[in-house]
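Colleague: Quick one: the structure is below, questions incoming.
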Protein chains: 2
Amino acid sequence: MPFGYHNKILRADLTEGKTSIEEPGDLVYRKYMGGSSLALYYLLAELPKGTDPLSPDNVLIFAPSIITGTQIAGGSRYTVAARSPLTGAYGEAEAGGWWGPELKRAGFDAIIIKGKSPKPVYLWIHDGEAEIRDASQLWGKLTGEVQDAIHGELGDTKVRIAQTGPAGEKLVRYACIINELRHANGRTGMGAVMGSKNLRAIAVRGTQKVPVADEDGAKQAQRHVRENHTKQPGDLSDLGTPRLVEILNESGILPTRNFHDGEFDGASNISGKKMKDTVLAKTGTCYACPVACKREVAFEDDRFKVEGRYGGPEYETLASLGSFCCVDDLKAVCAGHQLCNEHCMDTISTGVAIAFAMECYENGILTKEDTDGIELAFGNADAMVAMVEKIGKREGFGDILAEGIQRAAEKIGKGAEKYAHHIKGQEVPMHDPRGKTGSALSFATSPTGADHVEAPHDPFYTGLNPKGGEPLSLMGMLEPADPLDMSPKKVELFYHGQLVWSLYNCIGMCNFAAAPLGPVPLRVLCDHVAAVTGWDTSLFELFKVAERSSVMARAFNYREGFTKSDDYLPKILHRPLENGKLKGHKIDTERFQEFLKTYYEAMGWNPETGYPTRGKLAQLDLLWLEDVV
Amino acid sequence: MPFGYHNKILRADLTEGKTSIEEPGDLVYRKYMGGSSLALYYLLAELPKGTDPLSPDNVLIFAPSIITGTQIAGGSRYTVAARSPLTGAYGEAEAGGWWGPELKRAGFDAIIIKGKSPKPVYLWIHDGEAEIRDASQLWGKLTGEVQDAIHGELGDTKVRIAQTGPAGEKLVRYACIINELRHANGRTGMGAVMGSKNLRAIAVRGTQKVPVADEDGAKQAQRHVRENHTKQPGDLSDLGTPRLVEILNESGILPTRNFHDGEFDGASNISGKKMKDTVLAKTGTCYACPVACKREVAFEDDRFKVEGRYGGPEYETLASLGSFCCVDDLKAVCAGHQLCNEHCMDTISTGVAIAFAMECYENGILTKEDTDGIELAFGNADAMVAMVEKIGKREGFGDILAEGIQRAAEKIGKGAEKYAHHIKGQEVPMHDPRGKTGSALSFATSPTGADHVEAPHDPFYTGLNPKGGEPLSLMGMLEPADPLDMSPKKVELFYHGQLVWSLYNCIGMCNFAAAPLGPVPLRVLCDHVAAVTGWDTSLFELFKVAERSSVMARAFNYREGFTKSDDYLPKILHRPLENGKLKGHKIDTERFQEFLKTYYEAMGWNPETGYPTRGKLAQLDLLWLEDVV
């Protein structure tokens, strides 16, 4: 009997309107475990090279992991993966909440979706069964309405719903998937893939307990976390990720004014403390997590009506819709956030797209004629909110920004591309490599394009969060590093940090709940995996799974024609920061090339091609990639 | 307060006749832990490039580890390292017994010896103090006599003595160091380095307990081993390593007749069972080990007087002095073994040298005139024993063989080199890569030249020892491999096996007591390290230390001019086995080159140069090597 998983993967062929169940066997679970790693295993095996991401042939995978649904803090996340319509590369996004655990409790370890339904549908999954149901009445509706409707139709408000929204239906290239209206698989446009398949939602309900091999062992891990987690003022429980607004601003690396600045005058107006003192209605959490970092904001005034059920903006959103657009109006940011969640759009790409348009506007590349009469200037909060909605509806100028800034800049022309800060076509998230060099490697080499959860942007090297967790000493990381360092020493730190974050994406673990940021030490996490599965495993094996994931993603992109030359930073990061504590700092171009080369070598990738060597494939038991790439 | 170590390394400058104590600090212990890794750290920092191995400038290091002296089964070993007079490359050899733990109990974590004493001396180390004492009266004496003399002089028979013998004094290039007359640091001529320094012995006595951070945790590990170790007929407790004679013979890979054959007609006459039924006096063990694989043989007849205190031949010796020379006379092998221990010669190199000479003799390259009248034919037991003694005394033809077969073949000329099976100048040990391909990589790439304990010669891939331990599943090794496989898949298995064996050489752990061959699982070993030191460590970190050791050794050799072209197999292994179960099998030359290339890549070494990339150095926190190599 398997523990931690059911040995059941749900397949749905939407063209045929059929579902089936696959039993992949123990070795697949042990080698890939779940999340990004499991998804890549199937994508590489089943997605034909060169598939149009918005065609029925794209393969869309939902994957929790072998520990999802057990009681470890932070273990609530699941991956959605497919070829990305934003980048054409590997697409992947994680979300927390309750949906992933519920899927496991419903008896499934993952879902593989192919084809395109002739009409709008949703998937209804419950206790080992699956059904494709009509969603014609739901099409075009906001996420809140759809959730209410499905709850009503199924007669159970405890059904957990992951869905895309109108933005996904309209194939906004950075449309997201959202569960419970607030937990987003944000990046790389997975919602557009869902929309392209006429699949509006996946509703799940389960009453099965995830089988655990060693209940006592698992409880011991949970107890450790409970006993060692203490809430402190300014920590994630108290202020959530919004706490970062002021910390990064003080460090001179709060992305501001489309990456010109690192310090934002209005930072305190969009800070975690400001949120707590004003619009915060309550705090929330994900499944089984004592950290409870989630925000719920609610208010109604003459401009906006913001409902608590859409959650509240995370740090990334406060920065992308806020400082990055020079908007210091917290209520407007909350309203923009709600619009994103109602329509299902990635708040990062949305904010970056708007800031890009604002800079074009300020430089005369765009005029009011182009922007449907909106004065799209930096700092114009109402304009920001209006543009969010236009993008979600692909209305007027919003239709252009809905394509992502790479395509939008092409369409706009007139040199607009110099204001479009993306990597591999994905908008850069709210971290500035000029002040934490780990993120230079992270962003440039991430298989999903500029991404903030594929690899660490080194807060835990900088001492930004000295209270929140353990050091990585048990990985042999014994000395701190300078956040501005770009020597090979930093490659070592990044290499190890990336192993940790890749692991979390393979086992559905939250970066904020687990070490080094959160209260779940790596040792405890490993013991928990062993207790749940009954495997005689080790951190060494877990990191091997993590590295497999990195290598498979690299292989995916290589097959789609991506090369070393796609591992770059937007030019602006090679130019000096224009204000703040790190004014004048930039990423030196030549040193960055050396940095990249050393990183490839550390990964066992050929520095000439950026592709893993045969020996690396052999070491990771991934030689089968030679047959599919 | 440090746990597991004293933060005290003894330095002895024999030229000056002075000792001193160094406190390297916690970071050195955590990064290198002990054994080969710690020794390499000091050698690379302090031994000048190009130093004549037999000159006073060579640095000789004795290094147990952070767990030596604690109660974990198998954790009794220590490393001796220096530049090898046999190979000119990195020299290293491990030994078990009681000497390593005693050194720790005497208050020292390692000894670094430099210079050359003007007259014979020995070191006397006791409870934090060290003394250089006169050994003029001991010079020229057999090991047993020296041990008795020092015990008498110090008035304590519990003093543990590691010494070289007359062979070391006479600079036999494969002279060994032996402790308690029976545990040998066998390979790479460390005894000759000791002899070259006029240092005959190191006597140690200590009454300090090694400080342990978590006594309960450490006891738990010990209890696990005790409770799970069950003796079985045919296992190491019952027959010791001599059990391998018949197992390998049946598998067709018992090295026989100077590597012509894989099956030996007389195997049952020199087997573990034969030993048990005839000459075995009793069994013995090393410090804290329940496996108790050690043999004591004792008998007296008209040919030989063999004393129990010299132990008994291990498998390697039974094969090298036995099957390899076609000698099936167990008593003669025991006598040869005792001579090796009395004079301090590596039994492997000794046996291989004699077999080499036998083949030269049979082919007319050598005659009785050359061999001091001895009929040096394959199978001539008396000739074998006589030659062992002649080598130990550098007497007559023995003086030539004492140089090692590479130099001896040069001296003999007439094409003798085709019978000289060495790698980097060191005689190949008693494992045949033609029937277990892991050893092809192991032998060819070992920094010490052909060596049987630097990396696994894959018994645990072949199921040779299914009872004795755990699989390596916790390293993610989930599937068995074919012992004859030479695909990249085998590189994966070898890579992982090498990490394990390298680790054991860094922490002084016995390959037969620890997983996968013995009763100490890797998980328990890791828990024990954590309990002893108080470090929050993991297998991941331990394997990082292991990999550091491999890379540092590679760097050592690179500095001394060794290149990729020194990673080869002797030609005979590319020719078919001439008899037995695997008759006709050989190592295909071209496939072997591919095999090597894939291995370099898996290690993160440049396949063009065989040298670690800068990225690999960065990943392992070994960038300092760039300054010294």
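Colleague: Around B:Glu389, what is the net charge, scoring Lys/Arg as +1 and Asp/Glu as -1 over all other residues with Cβ under 12 Å from its Cβ?
Modeller: Charge balance near B:Glu389 sits at -1.
Colleague: Give the long-range amide H neighbours of B:Arg83: residues separated by 5 or more places, or on another chain, with amide H under 5 Å away, using H modelled in the peptide plane at 1.01 Å from N.
Modeller: Counting only residues 5 or more places away or on other chains, the set is B:Val59, B:Gly91.
Colleague: Same structure again: Report the extension gain between A:Glu129 and A:Asp302 in nm, rounded to one decimal, defined as 0.36 nm multiplied by the number of residues separating them, less their alpha carbon distance.
Modeller: Result for the pair: 57.6 nm of gain on full extension.
Colleague: Exactly which trypsin sites (Lys or Arg not before Pro) in the range B:206-243 are in a DSSP loop and have at most 10 other Cβ atoms within 10 Å?
Modeller: In loop regions of the range B:206-243 (DSSP not H, G, I, E or B), the sparsely surrounded trypsin sites (Lys or Arg not before Pro) are B:Lys209.
Colleague: Within 10 Å of each Cβ in B:532-544, how many Cβ atoms from other chains are there, averaged over the peptide?
Modeller: 6
Colleague: Can you pull out the GluC sites (Glu not before Pro) in the range B:563-629 whose DSSP state is coil and whose Cβ has at most 11 other Cβ atoms within 10 Å?
Modeller: B:Glu608
Colleague: Can you return the lysines within cross-link range of B:Lys581? Criterion is Cα-Cα under 20 Å, with same-chain partners fewer than 8 residues away left out.
Modeller: Cα-Cα hits under 20 Å: B:Lys436.
Colleague: Can you send over the carbon and sulfur percentage of the accessible area for the protein assembly as shown, probe radius 1.4 Å, protein chains only?
Modeller: 46
Colleague: Need one number: buried accessible surface between chains B and A, 1.4 Å probe, both sides summed, DNA, RNA and ligands left out, in Å² to 100.
Modeller: For chain B against chain A, roughly 3500 Å² becomes buried.
Colleague: With only alpha-carbon pairs counted, each pair once and no self-pairs, how large is the Kirkwood hydrodynamic radius of the range A:437-627 in angstroms?
Modeller: Here the Kirkwood hydrodynamic radius works out to 17.5 Å.
Colleague: When 1/r is averaged over all different Cα pairs and the result inverted, which Kirkwood radius in Å belongs to the range A:168-276?
Modeller: After inverting the pairwise mean of 1/r, the radius is 18.2 Å.
Colleague: Quote to one decimal, in nm, the extra length available between B:Ala281 and B:Lys8 on full extension: 0.36 nm per residue of separation minus the C-alpha distance between them.
Modeller: Gain in length upon complete extension: 94.3 nm.
Colleague: If you don't mind, there's one more thing I want to ask. Rounded to two decimals, what is the ratio between the C-alpha radius of gyration of the range A:9-205 and 2.2 N^0.38 Å?
Modeller: 0.91
Colleague: Largest first and in whole Å, give the semi-axes of the range A:548-629's equivalent ellipsoid, each being the square root of 5 times a Cα gyration tensor eigenvalue.
Modeller: So the equivalent ellipsoid measures 32, 13, 10 Å along its semi-axes.
Colleague: Relative to the other copies, what are the label-point distances for B:Leu154, with labels 7 Å from Cα along the C-beta vector, expressed in nm at one decimal and sorted shortest first?
Modeller: Ordered by distance, the counterparts are at 7.7 nm.
Colleague: Under a 1.4 Å probe, what is the accessible area of the range A:9-205 per residue, stated in Å²?
Modeller: 26
Colleague: While we're here: Taking 8 Å as the Cα distance limit and 6 or more residues as the minimum spacing, I'd like the relative contact order of the range B:437-627 as a percentage.
Modeller: 21
Colleague: Can you give me the Kirkwood hydrodynamic radius for the range A:40-156, using every pair of distinct Cα atoms, in Å to one decimal?
Modeller: Every distinct Cα pair counted, the radius reaches 15.8 Å.
Colleague: Kindly give the semi-axes, whole Å and largest first, of the ellipsoid equivalent to the range B:1-60, taking each as the square root of 5 times a Cα gyration tensor eigenvalue.
Modeller: 24, 15, 8
Colleague: For the range A:230-427, list log₁₀ I(q)/I(0) at each q in 0.16, 0.19 Å⁻¹, using the Debye formula over Cα point scatterers of equal strength and ignoring solvent, two decimals each.
Modeller: Normalising to I(0) and taking log10 leaves -0.96, -1.28.
Colleague: Would you mind calculating the relative contact order of chain A from Cα pairs under 8 angstrom and at least 6 residues apart, reporting the percent as a whole number?
Modeller: 16
Colleague: On to the next question. Find out how many positive minus negative residues lie around B:Ala135, taking Lys and Arg as positive, Asp and Glu as negative, among other residues whose Cβ is under 13 Å from that of B:Ala135.
Modeller: My count for the surroundings of B:Ala135 gives 0.
Colleague: Taking the mean number of other Cβ atoms within 10 Å as a proxy for protection, how do you rank B:527-535, B:391-399 from highest to lowest?
Modeller: B:527-535, B:391-399
Colleague: Rule-of-thumb check for the range B:360-419: C-alpha Rg over 2.2 N^0.38 Å?
Modeller: For the range B:360-419, the normalised Cα radius of gyration is 1.02.
Colleague: What distance in nm lies between label points placed 7 Å from Cα along the C-beta direction at B:Arg226 and B:Asp627?
Modeller: Reported label-point gap for B:Arg226 and B:Asp627 is 4.7 nm.
Colleague: Run through the other copies and list how far each one's label point is from that of A:Asp277, in nm with one decimal, shortest first; the point sits 7 Å from Cα along Cα-Cβ.
Modeller: Here A:Asp277 shows inter-copy label distances of 9.2 nm.
Colleague: Across peptide A:484-496, how many C-beta atoms of other chains are within 10 Å of each residue C-beta, on average?
Modeller: Average per residue, whole number: 3.
Colleague: May I pose another question? Work out the FRET efficiency for A:Ser565 and A:Lys418 from their Cβ-Cβ distance, taking R0 = 25 Å, and round it to the nearest 0.05.
Modeller: 0.85
Colleague: What gaps in nm, shortest first, separate B:Gly234 from its twins in the other copies when you place the label 7 Å past Cα toward the beta carbon?
Modeller: 6.7
Colleague: Taking the Cα centre of the protein assembly as shown as the origin, how large is its charge dipole in debye, to the nearest 20, when only Lys and Arg (+1) and Asp and Glu (-1) carry charge on their Cβ atoms?
Modeller: The calculation lands at about 360 debye.
Colleague: Any chance you could list P(r) for the range A:94-154, counting all Cα-Cα pairs in 10 angstrom bins from zero, rounded to whole %?
Modeller: Reading the bins upward from 0: 18, 46, 36, 0.
Colleague: Rg/Rh for the protein assembly as shown: what does it come to with C-alpha atoms and Rh from Kirkwood?
Modeller: Reported Rg/Rh, Kirkwood definition of Rh: 1.04.
Colleague: Over all directions, the average projected area of the alpha-carbon convex hull for chain A comes to how many nm²?
Modeller: About 24.3 nm², averaged over all directions.
Colleague: Other chains' Cβ within 10 Å of A:608-621 residues: what's the mean?
Modeller: So the per-residue partner count for this stretch is 6.
Colleague: Something else: Which entries of A:Lys418/A:Lys583; B:Lys273/B:Lys305; B:Lys418/B:Lys564; B:Lys104/B:Lys282; A:Lys368/A:Lys411 show an alpha-carbon separation above 24 angstrom in the structure shown?
Modeller: Violating the 24 Å Cα-Cα cut-off are B:Lys104/B:Lys282.
Colleague: Find out how many positive minus negative residues lie around B:Gly373, taking Lys and Arg as positive, Asp and Glu as negative, among other residues whose Cβ is under 13 Å from that of B:Gly373.
Modeller: Within the 13 Å Cβ shell, the charges total -4.
Colleague: With every protein chain present, what is the per residue accessible area of the range B:578-618 (1.4 Å probe, Å²)?
Modeller: Per residue, the range B:578-618 has 47 Å² of solvent-accessible surface.
Colleague: Please compute the modelled spin-label separation between A:Ser136 and B:Glu362, points set 7 Å along Cα→Cβ, answer in nm with one decimal.
Modeller: Computed distance between label sites B:Glu362 and A:Ser136 equals 9.0 nm.
The values are calculated or read from the model by the stated rules, or taken from the named source; none is laboratory data. Note that this is a predicted model, so its numbers are computed, not measured. All Cβ positions, glycine included, derive from the backbone under ideal geometry; neighbour counts span all protein chains shown. The protein model used for the area step is the full one, side chains on, heavy atoms only, and it has no ligands, DNA or RNA in it. Shrake-Rupley method; radii C 1.70, N 1.55, O 1.52, S 1.80 Å.
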